[in-house]
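Okay, so here's the structure we're looking at.
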Amino acid sequence: MADDTLHSDGFGTLAIHAGQSPEPSTGAIMPPIFQTSTYVQPAIAEPLGGIYDYARVANPTREALERNLAALEGGAEGLAFSSGLAAIEAVLKTLSAGDHVVSEENTYGGTTRMFTRVLERLGIAFTFVDSRDPEAVAAAMRPDTRLVHVETPTNPMMRLCDIAAIGDIAHAQGARLMVDNTFASPYNQRPLALGADVVIHSTTKYINGHSDIIGGVLVVADPAFADEVRFVRKSTGAVPGPMDAWLCLRGAKTLHVRMRQHNAAGLAVARFLEDHAKVDRVFYPGLPSHPQHDLAVRQMTGFTGMVSMDVGTLERARAVVEHTRLFQLAESLGGVESLVSVPALMTHASVPAELRARMGVTDGLVRLSVGIEEVEDLIADLEQALG
Ligand SMILES: *Cc1c(COP(=O)(O)O)cnc(C)c1O
């Protein structure tokens, strides 16, 4: 299976070393946390390095993180933000009132909320489609479409879209393709290599991996577009603090090791659940029963620790999440510890019931973020909770 192959392209070496070098005055092997708001300038309007005038604009700890994550995604430049949503918003703010965006309908709930309740009000138009079907994306394109936004795999239904095919459709109309790669992580999927223009991560999830910060990053292929987004960030201000940037950089150093374990444990849990009499359906791209398993194998090198299952009714979903002991009831995902949630009542409560039903988010749907505890213990926990 693709999920336990090691990367031959030096991914783990980049994760540990890319973007960082020992601090020159002491040799400290870890990049310092530059906890400062401003910088002393040797002369008027002559900041050191040409950029260090104010920390909203430039911070060396943040820059180390950005170089590291740009290397992991194979992009030209990285830009770190105070949250995943702030990163998405910065890309949208390169657009203007009157511009049109085509978006996958089953995105992270907060993304849909930003698009429909904030940005639509400011004059950006959106069309929501099921991007599993590239034809649906093509049909929604208009002459004023500037951006296509997709998420693959999606939360919580684990739907995929064909990044290369959708990239071709977007580019044929002169639009950019943005891919939310939060669920896959760069260890399992590299959208820029498949033709995307911008990758966004909520670094809150797998990249930081320790459930102790909120953060976001964009990695872009074109330096000129990086400049446009950097201008928006400087002008609107959603930067991460240096301590959070440093924690995220520390987390990224073990991304490859964590993802190997998440991938292996996710697959083992998905297989266990698929054979369980009290589980109606399992949603996991690594299972041959997943309707898009072929695309998953083509586009991803591993299938993560995110597994959803339908246990039939809200009552049964409630019983499961109230009885797990290792899987803790919480929103969020991608940390070393295992979490469980009921999307219909938690992460997707703000999505209208009709759209939830269309996306397949039933009341009996339970979402697992399989952590890196011993997999035997995790399966035993699910076994007793389902019983
Ligand atoms: C969490 C999440 C976001 C939003 O990120 P924040 O860091 O919470 O702002 C966006 N997309 C996906 C897929 C997510 O899981």
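Grouping the Cα pair distances of the chain into 20 Å bins from zero gives a pair-distance distribution of 29, 57, 14, 0 percent in increasing distance order. Surface analysis of the chain yields an accessible area of 40 Å² per residue, using protein heavy atoms and a 1.4 Å probe. Projected onto planes of every orientation and averaged, the convex hull of the alpha-carbon atoms in the stretch 255-386 covers 7.7 nm².
With contacts taken as Cα pairs under 8 Å and at least 6 residues apart, the stretch 3-252 reaches a relative contact order of 23 percent. Projecting each Cα onto the charge dipole of the chain (Lys/Arg +1, Asp/Glu -1 at the beta carbon, about the Cα centre), which of L192, A55, T254 comes out farthest on the positive side? Most positive-ward Cα: A55. The mean sequence distance of close C-alpha pairs (under 8 Å, at least 6 residues apart), as a share of the length of the stretch 191-339, puts its relative contact order at 24 percent. Solvent-accessible area assigned to carbon and sulfur over the chain amounts to 55 percent, based on a 1.4 Å probe. Normalised by the number of residues in the stretch 8-104, the mean separation of alpha-carbon contacts (under 8 Å, six or more apart) gives a relative contact order of 23 percent.
Rounded to the nearest 5, the antiparallel percentage of DSSP beta bridges internal to the chain is 55%.
Using all pairs of distinct alpha-carbon atoms, the Kirkwood hydrodynamic radius of the stretch 195-322 works out to 17.5 angstrom.
When +1 charges are put on Lys and Arg Cβ atoms and -1 charges on Asp and Glu Cβ atoms, the dipole computed for the chain relative to its Cα centre reaches about 600 debye. If you line up the long axis of helix 375-386 against the longest principal axis of the chain, both from Cα atoms, how many degrees apart are they, to the nearest 10? It works out to around 50 degrees. Straight distance only, please: which aspartates and glutamates reach the Cα of K205 with their own Cα at less than 14 Å, same-chain residues fewer than 8 apart left out? Partners found: D180, D244, E331, E337. With Rh defined as the Kirkwood radius, the inverse of the mean 1/r over Cα pairs, the Rg/Rh of the stretch 1-125 is 1.07.
Here the spin labels are modelled as points 7 Å beyond Cα on the Cα-Cβ line, and at T38 and D9 they lie 4.4 nm apart. Dividing the Cα radius of gyration of the stretch 116-228 by its Kirkwood radius returns 0.96 for Rg/Rh. Starting from the Cα of A164, step 7 Å toward the Cβ, then list every residue of the stretch 275-305 with an amide N under 15 Å from that point. Taking a point 7 Å out along Cα→Cβ of A164, the residues of the stretch 275-305 whose backbone N falls under 15 Å are 294-301. At an R0 of 30 angstrom, the distance between the Cβ atoms of S25 and A193 translates into a FRET efficiency of 0.20.
For the peptides 298-306, 162-170, 245-253, residues were scored by their other Cβ atoms within 10 Å and the scores averaged per peptide; the highest-first order is 298-306, 245-253, 162-170. Dipole orientation for the chain: of the candidates V269, H17, M300, H17 has the Cα lying most toward the positive pole (charges on Cβ; Lys, Arg +1; Asp, Glu -1).
Taking the C-alpha atoms only, the angle from helix 242-252 to the longest principal axis of the chain is near 50 degrees. Between the helical axis of 255-274 and the longest alpha-carbon principal axis of the chain there is an angle of about 20 degrees. Karplus-derived 3J(HN,Hα) values for the stretch 363-372, using 6.51 cos²θ - 1.76 cosθ + 1.60 with θ = phi - 60°, are 5, x, 7, 10, 9, 10, 9, 7, x, 10 Hz; glycine and proline are entered as x.
The values are calculated or read from the model by the stated rules, or taken from the named source; none is laboratory data. The structure displayed is predicted, hence computed values, not measured ones. Every residue, glycine as well, gets a Cβ built from its backbone with ideal geometry; the counts of neighbours run over all protein chains shown. Calculation scope for accessible area: heavy atoms of the full protein, side chains included, ligands and nucleic acids excluded. Shrake-Rupley method; radii C 1.70, N 1.55, O 1.52, S 1.80 Å.
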